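First the structure, in the form of structure tokens, and then the observations on it.
The values are calculated or read from the model by the stated rules, or taken from the named source; none is laboratory data. Since the structure is predicted, the reported quantities are computational estimates derived from the model, not experimental observations. All Cβ positions, glycine included, derive from the backbone under ideal geometry; neighbour counts span all protein chains shown. Accessible surface areas use protein heavy atoms only, side chains included; no ligands, DNA or RNA. Shrake-Rupley method; radii C 1.70, N 1.55, O 1.52, S 1.80 Å.
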Amino acid sequence: GSLIEQLTTEKYECMVCCEVVRIVAPVWSCQNCYHVFHLNCIKKWARSPASQAEDGNSGWRCPACQNASVQVPKTYTCFCGKVHNPEWNRNEIPHSCGELCGKKRQCLDCPHLCNILCHPGPCPSCPAFVTKTCECGQTSHSVRCGQSTKIHCSNVCGNTLNCGKHSCTQVCHAGKCSPCQLTVQQVCYCGSNFKEVLCGSEEEFSDGFGSFSCQNICGKKLNCGRHNCKQVCHPQPCQLCPRLPQVVYRCPCGQTPLSKLLELGCVERKICTDPIPSCGKTCGKPLSCGSYEFIHTCESLCHEGDCRPCSHTSNIYCRCGFKKKVSDFWGAFFLFLIAAITFMCDKRCNKKRSCGRHKCNEVCCVDTEHKCTLVCGRKLNCGLHRCEEPCHRGSCQTCWQTSFDELTCYCGESVIYPPVPCGTQPPECKKTCTRPHDCDHPVYHSCHSEEKCPPCTYLTQKWCMGKHEVSLDKLCSTHTEQLGTDEFVKSRFKLLNVGDCSPCVTCSLIRRALASKYWGLICKLSPTQLYLLQIAAISIATKLTDLQLGDSVEISRLITKKEMKQARLQCDEECLALQRNRRLAEALEIDDNSDPFNIRSSGPKYSDLLKEDARKDIKFVSDIEKEMRMLVEAVNKGKHTKKSHCYPPMNRDHRRIIHELAQVYGIESVSYDNEPKRNVVITAVKGKSICPSNTLTSVLDKEMQSRPAPPLPHYKQTDKSIGNSGLSKPLKEEPVIDYFDVQD
């Protein structure tokens, strides 16, 4: 009715072109979903690639119901298909012929044709009434034609079941009756066992002797009346007694006829219980322990009954063939095979399993694939869960865990909707970062999932460490490290209390002096001497290029003699001893570079700061020296020119101890990585690295025993020593190393 109304009022639209279907336009109607289309539209659709079925061989698909059709419509027909190019009549349904439909209804049981005028859509149900019987056929009812429901009465079915003996007891039902569920008792052939089977089944069979075999020994009396049947439960009558005189014609071993033995004087047998005469020869019957290649025979004399066990022996190898043992051929041959199969050695398999990670470790292994049965257990790509698959080679599969919560960025602007695979990173966000920052400068980086924000890139003005100059183009995030750990120097040399600023040339030179062997000298300087050192550093900074080329700078020209006199250090006992030795060497005309008194080779000089740090952690220093001595001895005795050792990550004080000890041993030391994983790598060079005669640990032990005052480092205090020997000589002889950039 809806189709007729829309076609008549021209409100029905073609699904292909989305245009209204006119009452005079040629149309085509799908016989499966009954949608109406323009004839030209459906032709174009049927020829287009988009309409083809998935398998490519079933034709084209209807745009509405996707039902596949082979033939492409070519002519314009009415809905019932009788008239081609039907003419429109105002009093009839558009696109119909005005005659009876006459199509077969969809119901398979209805034999009547549609009796209404040609129409769109499915045919209505049949209005006729017919008489139908119930499922069991005992009653009949009048119902509408084509009714799909089955008719059931309340009577018992009563049909004969499959056994042919009993009747169906179910109420009127559809289909075949169920098999008979009654049980029947059966007896075996020998009559010793019983069982119950379903009536009418294939097992319900009897041949007059019984219904089945119980697989036990029959045990019935034979025809002789003296012996029992030794066969397995069987359906036929039992055989004759095998010991009857009319059955036995030879001796027990079967080599000699009884007729010959009777001629030799043996007694003739009358009944089955009489003994069978023996021929006296070797039995020679094949034993059950032998095989097709090696047949073992009975070695006893001709006898009745079973043969004795075999007296031969054989080698039995374990499953993997690693060990063997000697075994008797007792019993049957299959028992010998069982013994060979169950014999295993105690050797464990050392081959790798299929995973490549674990060993087989199976006792007496005969496996060829060595599949690993352990659980993988490695962490998946998400970093949260572990692989639960059997241990395998290669990478694990992606984590199958899924979250059904929304995953957002820090500010919540970007969202990944569930399901979210485990291990998915938060989405990228283009909004400006909203986290709290240390400075008040404008934020230029985007929202991020990391806890720490990137360094601030805003350009600011910053002083150097010594307040010497101002840098105008330094980043806000630029930081410098503290120059030293000695609180005494920090309190007396205020220029070294660095802040969030970059070092200038002057500060860099002071830093190098603090990190080098001049540390002990600076610790003993007064404020006036520190001021003079600052002046010298400024002068050196102005001639940095000359210093890098090896030249020296005379700082005595920059200060007065009075200031120079005030800047000199007070001589101690060690300094006086050195002056006395120098005057004695000049009187005896001994070269300064020589060492006639074996003073320089007496042992290395360890700084007071190094000794103080070593006393705090003597075990750590002992381990470091032990490792360095082993490294130097290995490189000097080996064929390689260099040998390196990497220490684990440690704090800054421990790294500084390693660097200072490396200078004593002539070993190169470099720090790598950033905090907190910063570590030190030392490299010993053949011919350059040495093992000092006195280790730092032994020096500390001697000092603890004698308990003298710790010796102070000595320096030459001439006018030239401060200008030339004090600053220019180390810069010329030793490489300039920024320990805070390279070695902390």
For residue 253: the one exception among (1) at pLDDT 85 or above; (2) under 30 Å from residue 188 (Cα atoms); (3) in contact with a Cys (Cβ under 6 Å, 6 or more places away or on another chain): (2)
For the range 22-59, give me each residue that is touching a helix residue (DSSP H, G or I) at 6+ places or on another chain (Cβ under 8 Å) and hydroxyl-bearing (Ser, Thr, Tyr). 34, 51
Restricting to the range 59-76, name every residue that is touching a strand residue (DSSP E or B) at 6+ places or on another chain (Cβ under 9 Å), without any contact (Cβ under 8 Å) to a residue 40 or more places away in the chain and on the phi < 0 side of the Ramachandran plot. 60, 61, 62, 67, 68, 69, 70, 72, 75
Check on residue 88, in contact (Cβ under 8 Å) with a residue 40 or more places away in the chain and open to solvent by 40 Å² or more (accessible area, probe 1.4 Å): yes
Quick test of your reading of the structure: residue 335 fulfils all but one of (1) at pLDDT below 85; (2) surrounded by 12 or more Cβ atoms within 10 Å (Cβ to Cβ); (3) part of a loop (DSSP other than H, G, I, E, B). Name the failing condition by number. (3)
Check the range 285-293 and report whether any residue there is over 30 Å from residue 211 (Cα atoms), in contact with a Gly (Cβ under 9 Å, 6 or more places away or on another chain) and of a type in the set (A, V, I, L, M, F, W, C). yes
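Residues are listed down the side, and each one gets a yes or a no for (1) assigned to a strand (DSSP E or B); (2) at pLDDT below 85; (3) open to solvent by less than 60 Å² (accessible area, probe 1.4 Å):
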position	(1), (2), (3)
120	no, no, yes
137	no, yes, yes
142	yes, yes, no
147	no, yes, no
151	no, yes, yes
173	no, yes, yes
181	no, yes, no
191	no, yes, yes
All but one of (1) assigned to a loop (DSSP other than H, G, I, E, B); (2) touching a Phe, Trp or Tyr at 6+ places or on another chain (Cβ under 6 Å); (3) surrounded by 14 or more Cβ atoms within 10 Å (Cβ to Cβ); (4) aliphatic (A, V, I, L, M) hold for residue 25, so report the exception by its number. (2)
Just checking, does the range 291-309 include any residue being surrounded by 17 or more Cβ atoms within 10 Å (Cβ to Cβ) and in contact with a helix residue (DSSP H, G or I) (Cβ under 7 Å, 6 or more places away or on another chain)? no
For the range 632-678, give me the residue count where each residue is surrounded by 19 or more Cβ atoms within 10 Å (Cβ to Cβ), over 40 Å from the mean Cα position of the chain (by Cα) and not β-branched (Val, Ile, Thr). 6
All but one of (1) surrounded by fewer than 18 Cβ atoms within 10 Å (Cβ to Cβ); (2) within 30 Å of residue 162 (Cα to Cα); (3) out of contact with any Phe, Trp or Tyr (no Cβ under 6 Å at 6 or more places or on another chain) hold for residue 235; state the number of the condition that does not hold. (3)
